1. Just give me the residues in region 210-235 being in contact with a Ser or Thr (Cβ under 7 Å, 6 or more places away or on another chain), open to solvent by less than 20 Å² (accessible area, probe 1.4 Å) and assigned to a helix (DSSP H, G or I), in sequence order.
2. Is there a residue being away from the ligand (no atom under 12 Å from the Cβ), free of Cβ contacts under 8 Å to residues at least 60 places away in the same chain and either under 24 Å from residue 62 (Cα atoms) or more than 10 Å from the chain's Cα centre (by Cα) (or both) anywhere in region 155-164?
3. Could you grab me the full set of residues in region 9-47 that are open to solvent by less than 40 Å² (accessible area, probe 1.4 Å) and closer than 19 Å to residue 181 by Cβ?
4. I'd like the full set of residues that are open to solvent by 10 Å² or more (accessible area, probe 1.4 Å) and within 14 Å of the ligand (Cβ to nearest atom), limited to region 61-91.
5. State all residues of region 128-180 that are among the hydroxyl-bearing types (Ser, Thr, Tyr) and over 24 Å from residue 89 (Cα atoms); if no residue qualifies, say none.
6. Which of the residues spanning region 255-291 are at positive phi and crowded, with 17+ Cβ neighbours inside 10 Å?
7. Across region 324-335, what is the number of residues that are touching a residue at least 60 places away in the same chain (Cβ under 8 Å), touching a helix residue (DSSP H, G or I) at 6+ places or on another chain (Cβ under 9 Å) and part of a helix (DSSP H, G or I)?
8. Which residue is nearest to residue 154 (Cα to Cα), if the candidates are limited to region 101-121 and must be within 15 Å of the ligand (Cβ to nearest atom) and either touching a helix residue (DSSP H, G or I) at 6+ places or on another chain (Cβ under 7 Å) or at pLDDT below 95 (or both)?
Amino acid sequence: MNAIIPISKPSAPPMEEYIDEISDLWENRMFTNIGKKLLDLEDKLCAYLDVDYISLFANGHLALESALAALNLKGEVITTPFTFTSTVLAIVRNNLTPVFCDINESDYTLNCDLIEGLITDKTCAILPVHIYGNICDVERLEQLSSKYNIPVIYDAAHAFGIRKNKVSIGNYGDISMFSFHATKVFHTVEGGGLVYKNPEWKETFSQMRNFGISGCDTVRVGANLKMSEIHAAMGLCNLRHIDTYIEKRCLCTRQYIKRLSAIRGIYVNRYAPDVESNYSYFPIRIVAEECGASRDQVYEVLLKNKIYTRKYYSPLVSQFPIYDRLYMPSDTPVANSISNQILTLPLYPDLTLQDVDRICDAILLALR
Ligand SMILES: *Cc1c(COP(=O)(O)O)cnc(C)c1O
């Protein structure tokens, strides 16, 4: 019998390594409250990501909400409907209005040609997403940001460690959010971080994640958004193995591309030559008119073979009932058609090349 292949399986250091990492916490009983592990992890992440500043949070979502809150924004935020719900929740939970911009067919990131047409006097920020690890047109966004004097905050939840022309992706925009959730390329079980260049925000985010406290008083609106020492310790361990994790993901990705790229009607994710990817997800686009099977049919055949895939991202965030049908699928036609074709395949460091072959064989079976 074939074993189940999950969509994702969190990476993990050897258990002894983790136990060793947390053992001193039992001696000093400093389990949380911005301790040694967290500060050490912040230093090591700054070095690994090649960024000036990082502030760690309990999770990526609340980090993103804090980034928007720190900028004191009012009005409309231009973003993508082709993302995880968290991106847009961060906007609406700050009492801001999302404005959905369509995406590129080639890499599923924001179509920068369309952004200017959506900018109004109410526009207060752009929130692009480096989706699946495909990076946005950061240069164009930089130009738009300075031309209209509006900040760019990246949802870089998928983009840990990516470099473009050797420049780490966290160096673009005003603030970038990385998620360190267990399913992400680098993780602290639950966790997230904001990276930025402005030194003043270090204190701002330190206060925001700790009830807005400075000294003995609450000086701004904050909450409890701290990352614990137990979580930071997992990060310290995972960071030692990160290059191996990414290498293993790369090998699986290459095998997927080798097996699937020549198939009519299957469009594999593309990798730009000037980008060092982290291979965080492997989405394919299935065009039924060309290959004879719909995305949903392929999904079902894989499921019967105990292979779990995800219709990521479908439906579009803009179509969720909480948005009261304010937004039409036809507003973002490319995103809409891609969301009906996209299927994200299993990808994680422990996936074997034999697993990838089994998945590809099942896809070919579905197309017959
Ligand atoms: C995972 C994810 C988030 C949220 O991160 P958490 O750490 O799980 O809170 C936000 N945006 C995107 C695109 C994500 O994939």
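The values are calculated or read from the model by the stated rules, or taken from the named source; none is laboratory data. Worth saying up front: this structure is predicted, and the values here are computed from it rather than measured. Note that each Cβ is placed from the backbone with ideal geometry, even for glycine, and that neighbours are counted across all protein chains shown. Remember, those area values only see protein heavy atoms, side chains included, never the ligands or the DNA or RNA. Shrake-Rupley method; radii C 1.70, N 1.55, O 1.52, S 1.80 Å.
1. Hits for region 210-235 are 229, 232, 235.
2. Pass one, region 155-164, residues away from the ligand (no atom under 12 Å from the Cβ): 161-164.
From what's left, free of Cβ contacts under 8 Å to residues at least 60 places away in the same chain: none.
No, there is no match, as no residue in region 155-164 is away from the ligand (no atom under 12 Å from the Cβ), free of Cβ contacts under 8 Å to residues at least 60 places away in the same chain and either under 24 Å from residue 62 (Cα atoms) or more than 10 Å from the chain's Cα centre (by Cα) (or both).
3. Matches in region 9-47: 11, 13, 37, 38, 41, 42, 45.
4. 61, 62, 65, 84, 85, 86, 89, listed by residue number.
5. Restricting attention to region 128-180, the residues satisfying the condition of being among the hydroxyl-bearing types (Ser, Thr, Tyr) are 132, 145-146, 148, 154, 168, 172, 176, 179.
Scanning region 128-180 gives 146, 148, 168.
6. Of the residues in region 255-291, the ones at positive phi are 265, 279.
The one that is at positive phi and crowded, with 17+ Cβ neighbours inside 10 Å: 279.
7. Count: 2.
8. In this case the residue turns out to be 109.
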